[in-house]
Amino acid sequence: MSARRVDVKLNSTAMLLNPLQPPIFFLEVRFHFNYRKLLRNLEGDLIEIEAYPVAPTSSFFFKIHSHDDLFSQQPCKRHLDYLFSSFNLDDALRDFLAYRIACFLVFIANKQPFLGCHVVADTDITDEHLIVGDPIDLTMIIDEVPQEVVPGGASSSTLNKLKKRRFFAKKGRDGDGLSDNCAICLEGLSSGRDALIKMTCDHVFHEKCIFRWLKVQNLCPTCRRPVQD
């Protein structure tokens with residue numbers, strides 16, 4: 001059984017900017033993508049078998065002026081829906097995120113109408129896989145965990161070999177077989193400006209994103225296949 005858990009933590013810092021101009025809100029949205037495997041034993045207890053991040057933290061910054069209907073919920077949510085339309089998220093998750101942040105922004109804007117604010121939305125998105133089993137299953141799974149959890153970073157020779165797989169997307173062509181976004185940073189792959197790396201498993205990422213990831217974990221972020229030296 002699989003499920004997705006979403007947790008949004010919001011905090012704000014007031015900012016006194018130019019008093020002669022309307023206040024401005026700076027919104028920072030951080031995405032933390034994780035995976036958890038859980039086992040429910042016969043007593044009904046949930047036991048965490050493994051947990052790890054599936055991508056580095058991605059951050060997005062927005063500047064929101066007070067005239068963007070910050071003082072009422074529905075107009076604020078509509079504005080956030082527009083800002084978040086570039087996120088590679090399903091509609092339900094994007095709608096939930098816009099609603100949670102809109103409620104917080106409206107609360108802050110009405111509480112401090114003459115102050116600017118820096119708002120941070122830390123968003124944990126965790127895909128959970130639940131296994132229902134007996135104690136024998138638990139023993140077998142735990143025995144397997146050390147072989148697949150917390151791998152080290154890729155070696156220098158591995159990274160150097162991957163550099164030879166660098167390429168650039170050809171603008172205006174749909175035949176490159178690229179997905180819309182890099183699975184790590186959620187930004188587009190087909191701009192033609194950024195260097196791309198095609199992994200040995202055929203998944204494609206921005207070079208800067210995948211190299212930063214491989215320095216921590218020697219696994220493909222998408223399929224979890226180890227990168228061979």
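Computed extension length for Gln21-Asp95: 23.5 nm, one decimal, from 0.36 nm per residue of separation with the Cα-Cα distance subtracted. Among 4-16, 29-41, sorting by the average number of other beta carbon atoms lying within 10 angstrom of each residue, highest first, gives 29-41, 4-16.
Amide H contacts under 5 Å for Cys220: Arg225, Val227, restricted to partners 5 or more places along the chain or on a different chain, H placed in the peptide plane at 1.01 Å from N. Compared with the direct C-alpha span, the chain from Val120 to Arg166 gains 13.1 nm at full extension, assuming 0.36 nm per residue.
For the residue pairs Lys9/Lys161; Lys9/Lys111; Lys37/Lys164, the alpha carbons lie more than 29 Å apart in Lys9/Lys161; Lys37/Lys164. Provide the gained length on full extension for the span Asp7 to Ile49, in nm with one decimal, where the gain is 0.36 nm per separating residue minus the Cα-Cα distance. So the chain would gain 13.1 nm between Asp7 and Ile49.
Amide hydrogen proximity for Ala55: with H placed 1.01 Å from N in the peptide plane, the residues at 5 or more positions away or on another chain lying under 5 Å are Phe33. If I take R0 = 45 Å and measure r between the Cβ atoms of Lys198 and Ile131 in this structure, what FRET efficiency does the formula 1/(1 + (r/R0)^6) give, to the nearest 0.05? Rounded to the nearest 0.05, the efficiency is 0.85.
FYI, it's all coordinate maths here, none of it is from the lab. Every value quoted in this text rests on a predicted model; they were computed, and no experiment measured them. We place every Cβ from the backbone using ideal geometry, glycine too, and count neighbours over all the protein chains shown.
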